Amino acid sequence: MLRYEVATEDLVRSRFALSPAFELANLLRLLDRGGERSLPPGWRERLRPAFLRLRADPAVRAALALHNEKFGADFIAIPPRGMDQTWADDLAAVLAAPPEPARAEIARCLAARPDTDGPARAVLAAPDAVRQVAEALDRTWHALLARDWPQLRALCERDVVHRAGELGQRGWAAALAGLHENVRWRDGGIEVLPFDAATTYSLRGAGLLLVPSVFVWPNVAAHHDEPWPCTLIYPARGISALWEPGAAVPPDALAALLGRSRARVLAALDTPASTTQLARSLHQTPGAVADHLAVLRAAGLLSRARAGRSVLYRRTPMGDALIGSAP
């Protein structure tokens, strides 16, 4: 069991963040080690051929060798900093890695993966290994994840809105209880089950970093070694929609009543969301979504409320009833 000891100051300084680099690393692990069965239906069929083409490149295989089950090279495991972090930010951080520590991390990873082939080892032994690995990761990002990232980002952002509301209304114990079945609040600390050994860490007034993730599902991950702050990575709320594509498709009768685009917007609001988040997840323009929201709200199917800088829309009881009664 892993336990984080939490003081009052830690509660104030805990925050949320997103990590494009972590999502890419997890996706690559799944594809590289035959775990793509854990991907949503349709994703493995779409991504596997592209991944195999990428894997023919020694530089991509070199990048894969730096991802291990228990650890990875620190210079490609970029700690998330906030909700606005982008892949461009992560890529710039990889390219800026100091050469000497990077070489030491490469040696450690190769020792853990002695089956790494010769051409990949040659890339990692080159003077510009960091640049070659960074460029290989950038190719994998654009080939495998860039297309879906706006939708995945919107899903994670909606999770954060929900968790922040839980924290404000019900406190830490209730908010943590909903993160994952293996995470709990107990006796002034956060416990994460199961881990190989009982280990306790103090947050030391720096707070806990909470990172919603798509590809960590169905597990939960924790970081506590530098350069990462103490971090808890958990499955984002609502990712089941990726595994059940039909759940986001409005019934035919509802689409006939409202129009398919408006019905999709109403069906997508199982949790509150902003116009931008809905546009990303539904692959519609913000202007079109705003028009649909206005019509649905005028019909009494939606309400809206401000949360920080965002205006969030949610279904009214009438909207829920309409979704629930549609065949």
Taking 0.36 nm per intervening residue step and subtracting the Cα-Cα distance, what contour gain separates Asp291 from Ala206 on full extension?
-> 26.3 nm
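What ranking, highest mean first, results for peptides 257-268, 288-299, 115-126 when packing means the other Cβ atoms within 10 Å averaged over each residue?
In descending order of packing, they fall as 257-268, 288-299, 115-126.
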Compute the length gained on full extension between Arg113 and Arg81: take 0.36 nm times their separation in residues and subtract their Cα-Cα distance, giving the result in nm to one decimal.
-> 8.5 nm
Specify the angular offset, from 0 to 90 degrees and rounded to the nearest 10, of the alpha carbon long axis of helix 43-55 from the longest principal axis of the alpha carbons in the chain.
-> 20
Once fully extended, how much extra length lies between Trp228 and Asp320, figured as 0.36 nm per residue of separation less the alpha-carbon to alpha-carbon distance?
-> 29.0 nm
For the chain the mean separation of alpha carbon contacts under 8 Å (6+ apart) over residue count, i.e. relative contact order in percent, is 23
Once the Cα atoms of helix 99-112 and of the chain are each reduced to a long axis, what angle between those two axes, in degrees from 0 to 90 to the nearest 10, is obtained?
-> 90
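Against the globular-protein guess of 2.2 N^0.38 Å, express the Cα radius of gyration of segment 21-147 as a ratio, rounded to two decimals.
Details: Rg = 14.0 Å, N = 127, 2.2 N^0.38 = 13.9 Å.
So the Cα radius of gyration is 1.01 times the expected 2.2 N^0.38 Å.
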With a ≥ b ≥ c taken as the square roots of the eigenvalues of the C-alpha gyration tensor of the chain, please select rounded if a/c is under 1.5 and otherwise prolate if a/b is larger than b/c or oblate if it is not?
-> oblate
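Bear in mind these aren't lab numbers, they're just calculated from the coordinates by the rules spelled out. Everything numeric here is computed off the predicted structure, so don't read it as measured data. In this analysis, Cβ positions are derived from the backbone assuming ideal geometry, glycine residues included, and neighbour counts consider all displayed protein chains.
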